[in-house]
Amino acid sequence: MKFDTGLSPELLQEFYLVALDVFRQTPYPRGRSEQTAWLSLLTTENPEEAENLVREYPWLEEIYTEIAMLRQRPEEVLGMFSEALRILDENTAKLMIEELQKRVEEKDAEIEALKRQLKELSKKEY
């Protein structure tokens, strides 16, 4: 299935959109690949499916353990989210300051150019 969003972003990476509901419902031979494991992880709906998936892909056990811990302590997830927002706000503020500093420097350069023009004009008049 392919569709055109009409967007043409200029990115360095290539992105693929996967409809997880289609992945879950489409019967096809699922090979043992890392991609299949991750997509299956994202579509798991109950503990039995999770147990079967961990049996098939043992490396997912650590991820499921962490997910289970986070489900029991949602305040930790909120803390991580708050920290991410704090960092984002800090980076946004830094970017805004850098942009303002650049504009100030551009204006200073314009003022200096105008001062030089005024000096030249005043020398010509005398």
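Overview of values
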quantity: 3 or more residues open to solvent by 90 Å² or more (accessible area, probe 1.4 Å): qualifying helices (runs of 4 or more DSSP H) within segment 16-126; calculated: 34-43, 47-56, 61-72, 74-125
quantity: Among residues of segment 98-126, those that are within 22 Å of the chain's Cα centre (by Cα) and of a type in the set (A, V, I, L, M), counted; calculated: 0
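The values are calculated or read from the model by the stated rules, or taken from the named source; none is laboratory data. Small disclaimer: the values here were computed from a predicted structure and weren't measured. Protein only, heavy atoms only, side chains kept; ligands, DNA and RNA dropped before computing areas. Shrake-Rupley method; radii C 1.70, N 1.55, O 1.52, S 1.80 Å.
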